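The values are calculated or read from the model by the stated rules, or taken from the named source; none is laboratory data. All values reported here derive from a predicted model rather than from experimental measurement. Cβ sites come from the backbone with ideal geometry, for glycine too, and all protein chains shown count toward neighbours. Side chains included, ligands, DNA and RNA excluded: accessible areas come from the protein's heavy atoms. Shrake-Rupley method; radii C 1.70, N 1.55, O 1.52, S 1.80 Å.
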Amino acid sequence: AKERGRNTYEFYTPQLTEEAFLRVKMEAEIRMAIEREEFTVYFQPQIDLNTGLVTGAEVLARWLHSERGIVPPVEFIALAEQNGQIIELGEVILRLACRQWRCWSDNGYVLPFIAVNFSARQFEDPRLIERVKAIFAAEAFPAERLEIEITEGHLMKKVEQTSAMLEELKSLGCTVAIDDFGTGYSSLSSLKKLPVNRLKIDRSFVQDLPRDEDDRVIARAIVALSHSLRLDVVAEGIETGDQLLILKEEGCLIGQGYLFCPPLPAATFEKLLLEEGKL
Ligand code: C2E
Ligand code: CA
Ligand code: CA
Ligand code: CA
């Protein structure tokens with residue numbers, strides 16, 4: 001009884017307060033990190049599975065923390081989505097990505113596209129389109145070089161409003177990919193209506209290949225679906241040669257994963273381009 005009493009006490013006051021305190025502290029840290037320009041973007045190539053050539057790159061946010069080192073997005077994106085900071089952070093990330101693309105382009109390398117992750121929360125901002133356009137203009141970035149990645153779950157949250165905004169972004173020239181495809185609940189009929197160019201097969205269906213026959217069937221179904229809707233399809237999280245082999249057998253043409261390359265800081269990505277004779 002004594003123990004339960006103590007736990008109850010801890011549950012109702014100090015722990016909750018501590019959690020709230022940590023959240024507020026983290027929020028202030030993110031704000032400061034934006035001001036101090038501690039966020040950066042890494043690039044992970046998407047590979048043409050037949051030729052091995054780079055078709056584009058996904059942009060992944062990193063926080064270069066003075067004490068903690070490189071902080072991965074799992075540690076700050078969810079909080080930034082909850083408290084709305086993702087609107088500003090998303091802008092920072094998009095600007096950095098466009099700027100880097102422009103820098104490579106000025107040096108003679110035109111990366112076919114950069115794929116930037118957008119959160120549902122960003123589509124709740126009525127000024128999103130304006131903000132994106134302003135960044136394109138400021139960074140002299142051609143809209144056709146941006147692919148917007150939105151997870152299936154996020155897209156389905158407010159499907160009408162989000163797809164209207166995606167439609168506008170598409171009319172600027174951007175393309176749209178549904179991320180983590182297969183994990184959400186988009187119906188086939190809504191998929192046909194959505195302004196989408198590409199499906200990304202979620203890593204959870206790739207990681208257990210070739211052992212998991214169900215996953216192979218799911219991968220096959222997503223490839224078939226993308227073909228019949230005339231969408232491109234990309235497999236994410238390819239780590240082994242066996243996984244690659246199966247995905248190729250199932251008709252997947254583009255892939256991304258540690259087998260080819262991890263996400264790299266711009267300077268390292270550049271070295272890769274140099275080695276391929278592109279820079
Ligand atoms: P995601 O969009 O599904 O990104 C793919 C994640 O898988 C990345 O993790 C990438 O590093 C990782 N990955 C790539 N290849 C492999 C592989 O072969 N094996 C394994 N196990 N993992 C692989 P990362 O960079 O930690 O990002 C995690 C998530 O954070 C992303 O998942 C995305 O949802 C979110 N995120 C990252 N950057 C941004 C951003 O700028 N904005 C928003 N809204 N979300 C972001
Ligand atoms: Ca993504
Ligand atoms: Ca994904
Ligand atoms: Ca599985």
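Some observations on this one:
- Scanning the stretch 253-265 for residues being crowded, with 17+ Cβ neighbours inside 10 Å and closer than 13 Å to F43 by Cβ gives a total of 5.
- Highlighted here are the helices (runs of 4 or more DSSP H) found entirely within the stretch 128-240 that include at least 2 residues which are β-branched (V, I, T) and within 24 Å of P45 (Cα to Cα): 128-138, 213-228.
- Residue check for E152: farther than 14 Å from G56 by Cβ and either within 16 Å of ligand 4 (Cβ to nearest atom) or buried (at least 16 other Cβ atoms within 10 Å of the Cβ) (or both): yes
- Any hit, the stretch 189-198, residues being within 15 Å of ligand 3 (Cβ to nearest atom), among the β-branched types (V, I, T) and under 20 Å from E58 (Cβ atoms): yes
- Some residue of the stretch 249-267 being among the hydroxyl-bearing types (S, T, Y), within 16 Å of ligand 3 (Cβ to nearest atom) and at pLDDT 95 or above: yes
- Of all the residues in the stretch 186-202, those that are over 15 Å from A221 (Cα atoms), touching a residue at least 12 places away in the same chain (Cβ under 8 Å) and open to solvent by 10 Å² or more (accessible area, probe 1.4 Å) number 6.
- Some residue of the stretch 239-248 being within 16 Å of ligand 3 (Cβ to nearest atom), closer than 25 Å to L166 by Cβ and buried (at least 19 other Cβ atoms within 10 Å of the Cβ): no
- For I178, the conditions (1) open to solvent by 10 Å² or more (accessible area, probe 1.4 Å); (2) touching a strand residue (DSSP E or B) at 6+ places or on another chain (Cβ under 8 Å) are fulfilled apart from (1).
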